[in-house]
Every structure is written in C-alpha cells, then in structure tokens.
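As structure tokens, the structure follows; a few thoughts come after it.
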Amino acid sequence: MGGSILEPMEKDVLILAIESSCDETAAAVVKNGREVLSNVIYTQIALHTQFGGVVPEIASRKHIEKINQVIEQALTEAKLTLQDITAIAVTYGPGLVGALLVGVAEAKAISFASGIPLVGVHHISGHISANYIEHAELEPPFVCLVASGGHSHLVVVKDYGEYEIIGRTRDDAAGEAFDKVARAIGLGYPGGPKIDQLAKEGNPDAISFPRAKVAENEYDFSFSGLKSAVLNYLNSCQMKGETVKTADVAASFQKAVIDVLVEHSLHAVKQFGFSKFAIAGGVASNSSLRKAFEQECARQGIRFYHPSPIYCTDNAAMIGVAGYYEYLAGVRHGYDLNAVPNLKL
C-alpha cells in the first residue's frame, strides 16, 4: 500500500466497528480514521473473575446477549444511523473462536441487510492502529511493541496495514506471565492491573529475577523462565518458613519484564534506523512500563507514542481505525468471512 491511499476523500468515511475477540463486547463509530465519535465497551471482567480467567463458552454467550445493545448505543452516541455508515469493520481473528464468531456473524448480518461493505480486521492491526487516534502526526514507518495477554510482538509498521513481525514470544506472552504470577501471589484476575498497583509499594531491586535472551533472534521474548523463577522463589520461602513480601515480588517481577521489553524494543528502533516508537495492547497501559519507555526514549532521542489506557484494552475504536485504512486500500470481504482464531499478522 503506498501513500496514495491517504489522499483526502471528498466525503467523510464513517466506519461502524465491532470487536468481540475475547471478553469485551464493543462497538464504535470512527470518522476518517482518526476521530472517534463513539466507543462503547461492555466488559465481562467481573463475570470471569470468579473463575480466575476467561471462560470461552460464557464469553460467547454474553457477547450474543450484549452485541445488539452496544451497536445501537454506539450509533446513538455518534448521532448517526446505519444509513450514514460507509463500511462495517469487524475483528475476525485472532481470538477465542466462539467470541469472534458472534461479532463476525453480526457484522455480516448488518452488511447483508443494509448493503454496507464489510471489512474484516486483524485484532493486532487494531491494537497498533489505536496509536493513530490521539496522535494526528503519527504516520508509518515506526516500530511498535504489542504486549497483551495473548501476544508479545515486536512489529515494524511499514505502512498502514503493512507489518513485519521481527520478534515474538517463544512461550508465555507478557500479559499471560502477569496473570500467572498474580495468581501465584494471591492477587487473582486480572493480573496486570493488580501487579501494577501492588508493585508501587514494593522494591523492584529486592529480588533478582532472570532476564531471558533468545540466542537465535535478538528481538524474541521468553517469559516462562521468569514465571518459573517467581514460583520457585515462592516455594523456597514457604519451605524455609520465610515471610513473602508480595509487593517486593510484584515489583521485582514487573521490573524483569519491563527491562526486557524496553531493551529489545529500543534496540530494534535503533537497528532499523527509525526515530519513532509506539506501544499497544493491554500491557501497554501498565504505568511502570510507560514510565520506563518515556525515560529511555527521551534519553535516546526517540519519539514515544502510546494510546490512552481505554484504547489499550480491547475496544472497537481501534478496529474502526484499522478498518478505515483497509477500506481505503480497497479491502472488502464477502459473506463467507469466517472467524480465524489463530490468524497471522
């Protein structure tokens, strides 16, 4: 895709976006790829907390219950009707297959009934595109770290909708490691925000946890060894009858994750000769991670971009932004569009 697709359109492009890849049922209306007219999110966190994590079957059922309501609310808040909409964008992967199917079926039904074009969007592309919402000056190329419960990707954003993954996790994603460690120290679900909060009371240098390097690819991540080191430390304390300072464990673990994410990401920015770096995904709302990137980017003269926390977690506004650029590039999907739970970027 060249820069030519970004010539201003004569008419406003209004995208109705739907996101249902995990446990958020979301709908949004985005104008011309950068302006969010509405962003409605129904979260199921409270529902899944009692199970210690997302239960796919329950998530799917809840999406079915809520999806019409969030779409109607998104259109109402944007003061628009379906007749005003240019295209419908929907997440079709990756994610939980049952959850994705609800959004995809809804988008296809609306498209079929109204004749509005259908655009399938990659969930990770959505996370990366969230950076465009509040940063009008941000344009590709740049490096983006996508860190969430299911993904730890280091991506070169070559153009709108054009990506090259240069690093990925070999085992646990960063958010997954946060959830597992949070469970081990008794914080429960969701782990990321709870560790972020507790770590503020702890000493990040209290315990020396490992920082893994992957020999074959300097940009790849591995967090399972770190997770095991935390569990071993907790078991060791229990066997010796020592008191565990959970705030110190949270702070030391979090610092180990952040050190690796910052080091790999900024090494990539320098190696590829870019001056811009962005973060995206649920883990990108971690306050210590943001602070670490802010300080290091300032020190190295790199411009640092990040979405507001509301656009870091799963939401439909980011899907609307990604969908806008796909629409401009001529992407249209037929009614055979299906959910692809392991969709590659």
Some residue of the range 103-122 being in contact (Cβ under 8 Å) with a residue 24 or more places away in the chain and within 30 Å of I302 (Cα to Cα): yes
Selection status of N68, at positive phi, in contact with a helix residue (DSSP H, G or I) (Cβ under 9 Å, 6 or more places away or on another chain) and among the polar types (S, T, N, Q): no
Selection from the range 252-287 of residues that are crowded, with 17+ Cβ neighbours inside 10 Å and small (G, A, S): S252, A256, S265, A268, A278, A280, G281, G282, A284, S285
Single unsatisfied condition, H63 versus (1) surrounded by fewer than 20 Cβ atoms within 10 Å (Cβ to Cβ); (2) more than 24 Å from D159 (Cβ to Cβ): (1)
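Condition test on A280, is it in the same structural domain as R170 (by TED's automatic domain parsing) and within 30 Å of L100 (Cβ to Cβ)?
Judged against the criteria, A280 is a match.
Let's see how each residue does on (1) touching a strand residue (DSSP E or B) at 6+ places or on another chain (Cβ under 9 Å); (2) of a type in the set (G, A, S):
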position	(1), (2)
P210	no, no
K213	no, no
Y219	yes, no
G225	no, yes
S236	no, yes
K245	no, no
D248	no, no
A251	no, yes
Positions within the range 306-341 being more than 20 Å from I116 (Cβ to Cβ) and hydroxyl-bearing (S, T, Y), in sequence order: S308, Y311, T313
Filtered residues of the range 16-52 (kept if under 19 Å from the mean Cα position of the chain (by Cα), modelled with pLDDT of 85 or more and in a loop (DSSP other than H, G, I, E, B)): S20, S21, C22, G33, R34
Filtered residue count, the range 231-251, keeping only those that are surrounded by fewer than 22 Cβ atoms within 10 Å (Cβ to Cβ), part of a helix (DSSP H, G or I) and of a type outside the set (D, E): 12
Neighbours by Cβ (under 9 Å, 6+ apart or cross-chain): first from the range 36-59, among the hydrophobic types (A, V, I, L, M, F, W, C); second modelled with pLDDT under 90 and in a strand (DSSP E or B): I41/E24; I45/E24
Number of positions in the range 288-298 that are within 24 Å of F253 (Cβ to Cβ) and either among the hydrophobic types (A, V, I, L, M, F, W, C) or exposed (fewer than 12 other Cβ atoms within 10 Å of the Cβ) (or both): 5
Subset of the range 239-282 that is on the phi > 0 side of the Ramachandran plot and without any contact (Cβ under 8 Å) to a residue 24 or more places away in the chain - its residue that is farthest from the chain's Cα centre (by Cα): G241
Residue in the range 310-320 that is surrounded by fewer than 19 Cβ atoms within 10 Å (Cβ to Cβ), more than 16 Å from H267 (Cα to Cα) and either assigned by TED's automatic domain parsing to the domain that holds V121 or out of contact with any helix residue (DSSP H, G or I) (no Cβ under 6 Å at 6 or more places or on another chain) (or both) present: yes
Unmet requirement for Y189, which otherwise passes all of (1) out of contact with any Pro (no Cβ under 6 Å at 6 or more places or on another chain); (2) modelled with pLDDT of 90 or more: (2)
V146 vs. criteria under 19 Å from the mean Cα position of the chain (by Cα), over 26 Å from L187 (Cβ atoms) and outside any helix (DSSP H, G or I): no
Test set (1) over 23 Å from T169 (Cα atoms); (2) hydroxyl-bearing (S, T, Y); (3) in contact (Cβ under 8 Å) with a residue 40 or more places away in the chain - S236 fails condition number: (3)
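The values are calculated or read from the model by the stated rules, or taken from the named source; none is laboratory data. All values derive from a computational prediction rather than experimental measurement. Cβ coordinates were reconstructed from backbone atoms using ideal geometry, including for glycine residues, and neighbour counts include every protein chain displayed.
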